[in-house]
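For reference, the structure discussed in these notes is given below.
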Amino acid sequence: MDTGHTAWILAAAALVCILIPALALFYGGMVGSRRILNMMMMCFGGVSVVAVLWAVFGYSAVFGNSVGGLGLIGDVTEYLGLDQLLAENPDAPIPAALFAAFQLFFAGITTAIIAGAAAGRMKFGAWMLFAGLWSTLVYLPVAHWVFALSSTDGAVIGGWILNGIKAIDFAGGTAVHVNAGVAALALSLVLGRSAGWPQSEHVRPHSRPLVLVGAGLLWVGWFGFNAGSALAAGNSAAVVFLNTAVAGAAALLGWIAVERLRLGRASSVGAASGLVAGLVAITPACGAVSPLGAIAIGAIAGAVCSLAIEWKFRLGFDDSLDVVGVHLVGGVIGTLLIGLFATDAAPNKTAGLFYGGGFELLGVQTLATAAVLVYSFVVTWITAKIVQVTVGLRIKPEEELRGIDIAAHAEEAYLIDEEPVQLGSPSRS
């Protein structure tokens, strides 16, 4: 057992956990003042459902030996309840329980990301049911494909994307961001548009400072997400840390540059969204590219995602908080650009087209992306339809106009004194 590696992954897991309140703040600031509590509750509630399922059977479904050796899903009985992870293995670099906890937050934050597409109009109970079903039917199989590594002796078979076609996805560009982004698209199509969309006051950010604070905390937490995926305190983690830092910064600059050219101003929400888009894009590529490659990927993602958020208005789907434009588009960009910018000098030690590797890696990355896109969209759409016909998805129109915080939670985020004391009035002693 390596205490240095263990200490780093403990810290990285805590950083990934920070992504949960960070996302809640980021999303919460972007919705109307009568939607913020529900939005934040969807983040915390969704993660909590996934965490329990992860301990019961989720970890086993992802990292258990592949059923039938097909690389599609792990054996859910192998680590059922995680009791098998309690004993110390002195030969392992980090405790198995720590790895399970680290990956738990990956599963949770992936599900929480989808909530941004359903802001202000989905029943809270329906969301909690959807979160459990989606993580079971979509996240767990896809995470097995992408994260489960086969053992060198062939005794354990992992996922087909990682071990079969050998696509590169260092920290979850496909399993997390493409997966959540296309799921958000499917859910938004089944849910339908918000009342008054796109002009409703509820769809405008009520607190831009909260958006910036949330984005800043996401940047901090992302270092655990990406650099922690090296699973060791060493050079790979350091390179990934550096690439994550510069990619986020480049994407922020790329987004606001496009805004300045198109709209004549650079917005705070745009800067925050650009930062997140860059972090999304570098997630799969952080171990495959140089810092200059990371800057290029970040800048491209920031510029393209800034343009992509307009698609929902042109195509008529209500993706409330631009999950599709940022996570789906950013995840696809980052995953595919590995095929161009990957360098064998980086930890993944694979060359892309621009470094003499030819088109093969680009083809592999495209296949992995397409597989996740199709599977996640189809199964998410079916899952949302099942929830719709059983318990219903939407709150009542009048409740939506009144504000979902009161309808779903009987609470208000901001209380204003109805009888303020007038200046100069006698004191009430």
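The values are calculated or read from the model by the stated rules, or taken from the named source; none is laboratory data. Note that this is a predicted model, so its numbers are computed, not measured. No Cβ is skipped: glycine too gets one built from the backbone with ideal geometry, and neighbour counts run over all protein chains shown. Note: accessible area is taken over every heavy atom of the protein model, side chains too, but ligands, DNA and RNA are not part of it. Shrake-Rupley method; radii C 1.70, N 1.55, O 1.52, S 1.80 Å.
Condition test on VAL190, is it open to solvent by 10 Å² or more (accessible area, probe 1.4 Å), hydrophobic (A, V, I, L, M, F, W, C) and within 30 Å of VAL31 (Cα to Cα)?
On the way: open to solvent by 10 Å² or more (accessible area, probe 1.4 Å): yes; hydrophobic (A, V, I, L, M, F, W, C): yes; within 30 Å of VAL31 (Cα to Cα): yes.
Criteria met by VAL190.
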Of everything in segment 193-237, what is touching a helix residue (DSSP H, G or I) at 6+ places or on another chain (Cβ under 7 Å), of a type in the set (Val, Ile, Thr) and crowded, with 20+ Cβ neighbours inside 10 Å? Give them in sequence order. VAL211
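Answer yes or no: is there a residue in segment 362-371 that is hydroxyl-bearing (Ser, Thr, Tyr) and open to solvent by less than 10 Å² (accessible area, probe 1.4 Å).
From segment 362-371, those hydroxyl-bearing (Ser, Thr, Tyr) are 366, 369; that's our starting set.
Right, trim to open to solvent by less than 10 Å² (accessible area, probe 1.4 Å) and you get 369.
Checked against the condition, which is being hydroxyl-bearing (Ser, Thr, Tyr) and open to solvent by less than 10 Å² (accessible area, probe 1.4 Å), segment 362-371 yields at least one hit.
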I'd like to check something: does segment 165-188 contain any residue that is assigned to a helix (DSSP H, G or I), over 14 Å from the mean Cα position of the chain (by Cα) and within 18 Å of GLY58 (Cα to Cα)? no
Is one or more of the residues making up segment 112-124 surrounded by fewer than 21 Cβ atoms within 10 Å (Cβ to Cβ) and either of a type outside the set (A, V, I, L, M, F, W, C) or modelled with pLDDT of 95 or more (or both)? yes
Tell me yes or no: at least one residue of segment 160-181 is hydroxyl-bearing (Ser, Thr, Tyr) and open to solvent by 40 Å² or more (accessible area, probe 1.4 Å). no
Only residues that are part of a loop (DSSP other than H, G, I, E, B) and over 21 Å from SER320 (Cβ atoms): list them for segment 261-285, please. GLY264, ARG265, ALA266
Inter-residue pairs, beta-carbon under 6 Å, first touching a residue at least 60 places away in the same chain (Cβ under 8 Å) and in segment 163-184, second assigned to a loop (DSSP other than H, G, I, E, B) and open to solvent by 10 Å² or more (accessible area, probe 1.4 Å), 6+ apart: ASN163/SER150; ILE168/ASN348
